[in-house]
Amino acid sequence: MSYRIEDNTKIVENNIDQKASIFLRVVAENIINISTPKTPKDTGRLRMDVIKQVLGLNGKVVWGKRYAGIQETKQFRNYTTPGTGPHYAENAVIKVVELTSKIAKQAGLI
């Protein structure tokens with residue numbers, strides 16, 4: 001008696017990679033959506049210059065202004081927009097980490 005075995009490893013790997021890339025895109029988008037209302041707004045440029053980039057299994061969210069790091073870490077006295085302040089990105093990431101199981105299900109990873 002003979003058996004034929006078919007190796008579908010590449011198909012499975014590609015499927016998982018595709019779903020992981022979708023997962024990263026959704027995570028990055030959620031970080032932006034959660035952080036935007038808390039991002040200091042004075043002229044609105046910091047909120048508008050957020051870049052989401054996902055290439056395969058690598059992703060990043062970047063606030064495209066030189067002063068973004070200072071706004072993220074330093075508490076200023078008077079913010080022009082109520083509800084905004086420092087740690088807008090860090091707090092958004094913390095909230096998204098809490099949602100990873102839900103996002104992974106949406107992406108088909110679990």
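Any read-out appearing in this document is the output of simple, stated calculations on the displayed coordinates, not a laboratory observation. Keep in mind the model is a prediction, meaning the values are calculated, not measured. Note that each Cβ is placed from the backbone with ideal geometry, even for glycine, and that neighbours are counted across all protein chains shown.
Some points to look at:
- Centroid-to-centroid, using Cα positions, the range 22-47 and the range 3-19 are 35 Å apart.
- Most mobile of I31, I51, I70 in a GNM of the chain (Cα contacts under 10 Å): I70
- Of K10/K102; K19/K60; K19/K74; K41/K105; K38/K102, pairs whose Cα-Cα distance is over 28 Å: K19/K74; K41/K105
- Along the chain, the longest continuous region that contains none of the chymotrypsin sites (Phe, Trp or Tyr not before Pro) in a DSSP loop with at most 13 other C-beta atoms within 10 Å is 4-66.
- Charge dipole (the chain, unit charges on Cβ, about Cα centre) - positive-most of I94, Y79, T9: Y79
- Converting the Cα gyration tensor eigenvalues of the range 9-107 into ellipsoid dimensions via √(5λ) gives semi-axes, longest first, of 31, 13, 9 Å.
- Restriction of the trypsin sites (Lys or Arg not before Pro) in the range 7-94 to DSSP coil positions whose beta-carbon has at most 13 other beta-carbons within 10 angstrom yields R66, K74, R77.
- Residues in the range 37-51 carry Karplus couplings, in order, of x, 9, 6, x, 10, 2, 9, x, 5, 5, 5, 7, 9, 9, 10 Hz; the curve used is 6.51 cos²θ - 1.76 cosθ + 1.60 with θ = phi - 60°, and Gly or Pro positions show x.
- Dipole magnitude of the chain about its Cα centre (Cβ charges: Lys, Arg +1; Asp, Glu -1), debye to nearest 20: 460
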